[in-house]
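The values are calculated or read from the model by the stated rules, or taken from the named source; none is laboratory data. What you see is a predicted model, and the numbers here were worked out from it, not measured in a lab. Neighbour counts run over all protein chains shown; Cβ positions are idealised from the backbone, glycine included.
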Amino acid sequence: MSRAAWPATEERTSCTWNTDTFLLTRSRTCIEFGQHIGQIQIIGRGQPFTDFGKWFQPVMGSANGSIVTKHVLEQANDEAAQTSTPVDLVDLLLGKMDLPVAVVEEAKTILVTHDIVPSLAKTIQATYSTRDNVNIFDYDESWLCTMGDIPSLAQRRIAIMRLKHPTNMGETCHDVQLFVLILCPGKEKGTKNGLETSRTFATLLADVNLRRQLLEVTNEEEFKELVLKRAKELVIVQQQSRSSVHIKVDSLQSINETSCNKVKKFCQFGQGIREDLCRRLPHYLSDYVDGIIGPKTQQKVMSTTFFLYFACLLPAIAFGVLNDHNTNGKIGVRKVIVGQTIGGLFFAFFGGQPLLIMLTTAPLALYIKVISSICDDFELDFYAMYGCVGLWCAFFLLLFSLFNVSRLMCWCTRSTEEIFGLFISIAFCVDAFRDTAKNFQKNYSSPQCRNDNIGDVERNVNSTLTYYLLNQTQNGHHDVIATDEPVECNQATSVLFLLLMLGTVWVGVFIFNFKKTPFLSAGKREALADYALPIAVLTMSFVGSFLFQDVKAEPFRYDDSDSVFTVTPLERLSGLAIAGAMGLGFALSLLILMDQNISSAMVNTPLNNLKKGPAYHWDLFVMAILTAALSAVGLPWMHALVPHSPLHARALADVEERVHQGHVYQIIVRVRETRLTVLFSHILIGLSILLLPYPLAYIPPAVLNGLFLYVAITGLGGNQMFERIMLFFTEQSAYPPNHYIRRVPQRKIHQFTGCQLAQLLLMCLFGFVPWPYMKMVFPVILLSLLPIRHLIVPRLIERRFLKALDSSEH
C-alpha cells in the first residue's frame, strides 16, 4: 500500500514537537528476531518481523558493536518546538548528525518526496491483528520509522526522537511518540541496508512494553540499556523457538484457550490445581517485588491501597448494617469488618490471582436473611444453621476445585461477563436508590410533614404527638410507656441524604475523569485521578457531618457488646436440618463458583495483558478453606467481586492512549501483578476496628450509597454491552469506529445486544424479586447464561459476526 497523504497544511502548522532525541551511530548491535506477532507495512508491501539468526549474529559488548550516542536534544529545545511537519523534523535531525553539507542535501532528496506537499518517501509502520480476526489489521500509530540509502554516506547513522506529547503525523499516525530516522551507505550489503536496519528497529518498537519503558527513561544511557537488554532477551526467545523442543508458555495463555479442547480433564482429580500451582508458584516472590520496583510503581501501589481501603471498608459497613437488620444483631458491622480483614489477608497470602478482591455481597446477605428466616420459622439455632450451610458450601467448593469444574469457564465468553458486570452495576444502583426511597418515605413523606387538612389541625415543626415506646426490662418482660415528645418534620434530612449521595458520585467521577482534561501535567492528572474515591468520600463526609451538623441524620447501627467469634454449635441441629442445610449449601456453592470464576475471567482477560497466568482451580480451593473457616466462627462469607476486581487491575495498570478516526481509546500496556495492595489495604481495614463507632460514624450512610453509585458507574468502563446499548440512542453518523462497527451489519449488532438485554432482564427478574426464597434460584439462572450463549444465540446470529461481537481481544 502506498503511504497515505499528509493532512492539509493548515492542520499541520498547529503541531509542535517538544522532544528528546538520541542520535546513534555504528548500530551493528541492532537485534533482529523472529516473533511473528504481526506485519510491518512498508512502501507498498507487507514485510514480516526480521529474523536475526537468519541474517547475521550481532556482536555484543565490543567497541564497534555498541550503540554510541552523539547528541541529546533536550525536551525544551526551541528548534524542535518550531517544526511544523515531519519533513521539518527530518531536517532538524539531519542538522544534529554532524554530517557534511553535501551528504545532508543528498539525504533530503532521498528521504523526502518532490510532490507539491512534500512527505516522507519511505516509512515503515507496524500493523497488528487479533487471534479472532487474523486477516484484518489495524495500525500501530504510536511510532514511525523512515529510512534511506545514501550513496555518499560512510557509515550508518540512526536517530531516535522521543516526542514529549503524542503528535498527529498523518492519517495512520495520529499519536506518534517515537520517531526513528535511519541512514545507511548506498553500498552496504543486503543484510545491513536501510530496509533491514529499519526492520530491526521496527521489530523492537513493535513491543508495547519496550515502548512504554523508553518513554519513561530519563537519560540516554538508560535508553540504550533498555534497547540492548530487550534485544538480548528476544534473541534467546528466537533460539528457543527454533529448538526441537517446543516450550509451552502457560503463563501467557488463558484457561479459556486451552480448556475447551480438554473436556476430558473434568474428572482428573486435582489436575487443575497442579497446573495452577506450577504456573503461579514461580512468580510468588515477584508478586511482592513487583509492588516495589519500577517507574510509578510505588505511587500506583499507594493510591490503589487507599482506593481498596474505601472501596472495601464502606461496603462492609453497609452490608454489616443490612446483615444486622436481617439477623437481629447476630451478624453486625463489627463481624463483617473482622471477616473482611481475615478473608482479604488470607487470600492475599494464599490466593493464586492476587488481583481478585474478596468482599461480602448483596446475594450473600440475602442467603443470610433466608437462613435467619428459616431459623425463626423452625426454631433452629442461627449460628448452628449458618455454620452448617457454610461447611456444606465449603465441601462442594472443595469438590469443584478437585474435579476441575472451573473448566466450565471455557464456555464463558465476554458476552456473559459483560451481562454479569452490568447486572452488578444495576444491583449497586438499586441498593442505593432503595435506601434513598426509604429515607424519603421515613422523613420527607412522614405523616408529620404531610398537610392533609383534616379538621383544623395544622402540621408544623412544633407539633407534638404521642409515641409509644416498647422498653425491655431486665427480666425479659416488656412495658409499654406513653410519652409526649416533640416530633419534628425532617424533610431536610432526606434532602441532605440525596445531596450527599449524588455529591459523592459527582466528585468521584469528576476527579476520576480529570485525567482526560488539559489541566495540570499528565503525571499530576493521573495521580489525582488515582485518589478519586478517597477524596470524594472524605469531602462529602466532612460536608455532611460538619457543614450540615444541625441537620438530623441517623448514623449506622453499631453494637460491640457481642463477641466477634461464635463457634458453630452443630450438635444443636437435627438430621433433617443438616439435610436442609446441604441443599442451601449447594445453591450457595453454585453462586460462589460462578461469581468467583466470572470475576477471575474479567481480571484475566487478554485486554489486561497479564503475564503470570490465572489460577481458577487453586483460587476455588482457597475459597473452600476460607468459607469453612468463616462459617466455623460465625463470620460472613465472601467471594471475588465485580467490579472491584477489574477496577483493581485497572488501578495498577499503565495505559497507552491511541486515536482512531478522531476517537481516543486506551489500551493497557502493563499491570503490576502484586499482592501488596490487597495486603496493605486489609491491614488498614483491620485497624479500622479501633475507629468504631467514631470517627467512622461520621461517614453518613448517604456517602456509602454514593460509593455504590460511583463503583457502578466506573465499572461500566470498557463494557461493550453498555456501549452497544447507547447505540440505540446514538445518531448513526456518530457511531464510534469500533472493530464490530466496521465488521458487523448494524441490524446484527442491535440483534446481539437485544439477546444480551433479554438475558439481563432474566437475571434482574430473579435477582430483584421481593420474595427471598425465589431469589435462591438465581445461581441456576446465572449458570444458564452459558448454554444460552452457545446453543441459542448462534441460531440467531452467524458465527462470523459473533466472532467480532463477542471477541475478548478488543
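Of all residues in the stretch 178-191, those satisfying the criterion of being surrounded by fewer than 21 Cβ atoms within 10 Å (Cβ to Cβ) and either touching a Phe, Trp or Tyr at 6+ places or on another chain (Cβ under 8 Å) or at pLDDT 80 or above (or both) are LEU178, PRO185, THR191. Checked across the stretch 657-677, the condition of being out of contact with any Asp or Glu (no Cβ under 9 Å at 6 or more places or on another chain) and closer than 22 Å to SER599 by Cβ holds for at least one residue.
The residues on offer are GLN271, GLN238, and the sole one that is out of contact with any strand residue (DSSP E or B) (no Cβ under 9 Å at 6 or more places or on another chain), at pLDDT 80 or above and of a type in the set (S, T, N, Q) is GLN271. The numbered conditions (1) surrounded by fewer than 19 Cβ atoms within 10 Å (Cβ to Cβ); (2) within 16 Å of MET594 (Cβ to Cβ) are all true for GLU379 except (2). Taking each residue of the stretch 615-633 that is in contact (Cβ under 8 Å) with a residue 60 or more places away in the chain and under 22 Å from PHE403 (Cα atoms) and looking for partners that are outside any helix (DSSP H, G or I) and among the hydrophobic types (A, V, I, L, M, F, W, C) with beta-carbon atoms closer than 6 Å, six or more apart or interchain, yields THR627/TRP637. Based on this model, can you work out whether PHE546 counts as of a type in the set (Phe, Trp, Tyr), over 30 Å from LEU391 (Cβ atoms) and within 27 Å of the chain's Cα centre (by Cα)? So PHE546 does not fit the description; no. For ILE792, the test of being without any contact (Cβ under 8 Å) to a residue 60 or more places away in the chain and closer than 17 Å to GLU417 by Cβ is failed. For the stretch 602-630, filtering for residues that are in a helix (DSSP H, G or I) and either modelled with pLDDT under 90 or within 11 Å of the chain's Cα centre (by Cα) (or both) leaves 5. Got at least one residue in the stretch 726-747 being surrounded by 15 or more Cβ atoms within 10 Å (Cβ to Cβ), under 22 Å from ILE424 (Cβ atoms) and among the aromatic types (Phe, Trp, Tyr)? No, because not a single residue in the stretch 726-747 is surrounded by 15 or more Cβ atoms within 10 Å (Cβ to Cβ), under 22 Å from ILE424 (Cβ atoms) and among the aromatic types (Phe, Trp, Tyr). When the stretch 631-650 is filtered for residues that are part of a loop (DSSP other than H, G, I, E, B) and over 30 Å from ASP381 (Cβ atoms), the ones remaining, listed by number, are VAL642, PRO643. Just one of the listed residues (SER406, SER445, SER401) is modelled with pLDDT under 90, polar (S, T, N, Q) and within 28 Å of the chain's Cα centre (by Cα), and it is SER406.
Of all the criteria given as (1) more than 27 Å from ASP431 (Cβ to Cβ); (2) touching a residue at least 24 places away in the same chain (Cβ under 8 Å), the one not satisfied by LEU783 is (1).
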